[in-house]
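Data first, discussion second: the structure below is written as structure tokens.
The values are calculated or read from the model by the stated rules, or taken from the named source; none is laboratory data. If you're wondering where the values come from, they're calculated on a predicted model, not measured in any experiment. As a convention, Cβ positions derive from the backbone with ideal geometry for all residues, glycine included, and neighbour counts pool all protein chains shown. What goes into the accessible areas is simple: the full protein's heavy atoms, side chains included, and nothing from ligands, DNA or RNA. Shrake-Rupley method; radii C 1.70, N 1.55, O 1.52, S 1.80 Å.
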Amino acid sequence: MFDKVLIANRGEIALRINRACHEMGIKTVAIHSTADANAMHVRMADESVCVGPPLARDSYLNIPAIVTACEITGAQAVHPGYGFLSENAKFAEIIEEHGITFIGPKPAHIRLMGDKIEAKKAVKRLGIPVVPGSDGGIATDEEALKVAAEIGYPLIVKAAAGGGGRGMKVARDESELAIALATARSEAKAAFGDDAVYLERYLQLPRHIEIQVLADSNGKVVHLGERDCSLQRRHQKVWEEAGSPALNPEARDKIGKIVTDALGELGYLGVGTIEFLYENGEFYFIEMNTRLQVEHPVTEMITGLDLVREQLRVAHGGLIGFDQSDVTYSGHAIECRINAENPKTFRPSPGLIKDFHVPGGLGVRVDSAAYSGYRIPPNYDSLIGKLIVHGKNRTECLMRLRRSLSEFVIDGIETTIPLFQALVNEKDIIDGDYSIHWLEKYLKRQQEAG
Ligand code: ADP
């Protein structure tokens with residue numbers, strides 16, 4: 001196994017990776033910006049290196065500084081976490097060129113899945129069902145009109161380089177298409193420096209269901225079941241569950257087999273998530289994430305597997321030590337993303353956390369790098385912690401979630417905890433009866449009611 005791993009991230013995920021390394025007897029190196037000099041992920045690591053000023057571009061995305069940090073400390077591998085450089089194929093290549101292991105898939109697969117048009121073509125060839133849409137990029141408005149007439153309205157214009165819900169625009173009819181194209185293009189250009197877009201049928205009431213996979217260098221691929229991430233705001237996940245209230249074991253096994261066969265053929269390595277929309281019993285691929293995901297803990301809670309440990313093992317050339325038939329699911333898990341934001345307007349609320357007390361007890365897990373006296377810098381995303389609860393079934397899980405939310409104290413800043421306290425008592429949520437549009441509609445109703 002590696003002796004020393006550099007964690008190229010910050011916040012709760014850097015701590016999460018640090019924990020797995022320490023359990024395995026691996027020394028850790030934290031990197032940080034000047035804004036994070038006193039952050040928890042720095043304090044918990046064995047060593048740390050400052051890689052630049054607060055702007056992410058100059059620090060957590062600063063490839064030369066991160067490579068230098070590996071060389072100074074003698075780190076043999078880099079774990080990128082999620083976000084930042086985790087899906088940057090160039091970074092993975094540079095790391096490997098320096099004789100350091102990138103804890104993730106092969107650069108070619110990161111690159112392939114990072115281009116949503118190419119990814120869709122590739123997975124379709126491998127037998128994964130996709131959302132009906134244009135077979136490739138759309139160059140002109142005329143072409144868009146022609147393809148749109150074939151797909152039918154409503155449809156969604158999506159950016160090939162898309163991520164984080166950006167560069168997506170819905171067109172309900174022909175008259176909305178030109179403007180949707182122009183807005184998606186300019187948003188994509190600004191966010192990703194690439195204005196390539198494609199068209200997809202806009203599904204009306206789907207759920208977002210994703211399959212977690214793990215693959216080793218010997219070609220073995222297993223799946224670890226699904227997560228339901230249908231509760232979203234602006235195409236961003238807010239609440240995630242494992243398993244999905246909408247899926248039965250047969251449907252899970254069926255899609256799981258399609259996915260593992262496809263990734264086996266591709267020669268994939270490491271963890272990955274295939275994201276689908278699920279409507280009327282059918283799965284439609286939307287994208288693949290070639291990294292650990294924010295919501296991975298719900299899968300860990302029901303499978304008992306440590307996904308970061310598995311990542312480290314397979315990155316080091318180790319083989320998966322169990323078979324698909326050994327993967328069992330115990331109970332139900334829910335994760336709430338606690339953000340430093342106003343729970344109604346979602347305006348970021350950085351600043352000093354005066355008091356921080358986390359819930360505990362049976363089946364409760366809090367992944368967070370915050371503490372009493374911690375000042376949240378304004379430079380990064382607003383996730384300050386994840387509350388993950390596990391119960392023997394969904395009902396117990398919801399009871400435990402209600403109880404845990406009432407114990408959670410974060411004073412000094414605004415957080416999204418009150419939103420979750422309201423959601424956990426909503427009938428549709430209790431019934432597990434919600435699509436990807438449920439939360440937006442709920443928030444609109446709340447806003448109108450004042
Ligand atoms: P990103 O990479 O920006 O997260 P995704 O392709 O994963 O983009 O889509 C994010 C979310 O946008 C989905 O979970 C879903 O809510 C919505 N979405 C994407 N494609 C469609 C579609 N064809 N029809 C309806 N909703 C969609």
Checklist outcome for this item: Selection from segment 256-293 of residues touching an Asp or Glu at 6+ places or on another chain (Cβ under 8 Å), within 16 Å of the ligand (Cβ to nearest atom) and hydrophobic (A, V, I, L, M, F, W, C) yields I274, F276, F285, I286, M288
Next on the checklist: I'm told T101 meets every condition in (1) over 20 Å from Q293 (Cβ atoms); (2) under 25 Å from the mean Cα position of the chain (by Cα); (3) free of Cβ contacts under 8 Å to residues at least 40 places away in the same chain; (4) open to solvent by 10 Å² or more (accessible area, probe 1.4 Å) except one. Can you identify the failing condition by its number?
Outcome noted: (3)
Checklist entry - Can you pull out the residues in segment 154-199 that are more than 24 Å from the chain's Cα centre (by Cα) and in contact (Cβ under 8 Å) with a residue 40 or more places away in the chain? => result P154, L155, L181
Item to check | Wholly enclosed strands (runs of 3 or more DSSP E) of segment 317-397 bearing at least 1 residues in contact with a Lys or Arg (Cβ under 8 Å, 6 or more places away or on another chain) | outcome: 332-339, 364-367, 383-391
Item to check | Candidates E426, E448, E414 - the one that is among the acidic types (D, E) and touching a residue at least 40 places away in the same chain (Cβ under 8 Å) | outcome: E414
Checklist entry - Where residues in segment 19-30 are open to solvent by less than 10 Å² (accessible area, probe 1.4 Å) and not small (G, A, S), which of them is farthest from Y380 (Cα to Cα)? => result I26
Next on the checklist: I'd like to check something: does segment 191-208 contain any residue that is more than 14 Å from the ligand (Cβ to nearest atom), loosely packed, with under 15 Cβ neighbours inside 10 Å and part of a helix (DSSP H, G or I)?
Outcome noted: no
Checklist entry - Within segment 338-376, can you find the residues that are within 20 Å of N18 (Cα to Cα) and not aliphatic (A, V, I, L, M)? => result R365, D367, S368, Y371, Y374
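So that you can scan it fast, the table gives a plain yes or no per residue for (1) surrounded by fewer than 17 Cβ atoms within 10 Å (Cβ to Cβ); (2) more than 19 Å from the chain's Cα centre (by Cα):
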site: L352; (1), (2): yes, yes
site: V364; (1), (2): no, yes
site: I384; (1), (2): no, no
site: H390; (1), (2): no, yes
site: L398; (1), (2): no, yes
Next on the checklist: What pairs come out if I take residues in segment 110-127 that are more than 18 Å from G264 (Cα to Cα) and in contact (Cβ under 8 Å) with a residue 40 or more places away in the chain and pair them with residues that are open to solvent by 60 Å² or more (accessible area, probe 1.4 Å) and not in a helix (DSSP H, G or I) whose C-beta lies under 6 Å away, six or more apart or interchain?
Outcome noted: G114/E87
Checklist outcome for this item: Going through (1) within 22 Å of F283 (Cα to Cα); (2) modelled with pLDDT under 95 one by one, E142 fails only at (1)
Checklist entry - Would a scan of segment 78-91 turn up a residue that is open to solvent by 40 Å² or more (accessible area, probe 1.4 Å) and of a type in the set (V, I, T)? => result no
Next on the checklist: Taking the conditions exactly as written (open to solvent by 10 Å² or more (accessible area, probe 1.4 Å), in the same structural domain as L224 (by TED's automatic domain parsing), touching a residue at least 40 places away in the same chain (Cβ under 8 Å) and over 22 Å from S368 (Cβ atoms)), does D323 satisfy them or not?
Outcome noted: yes
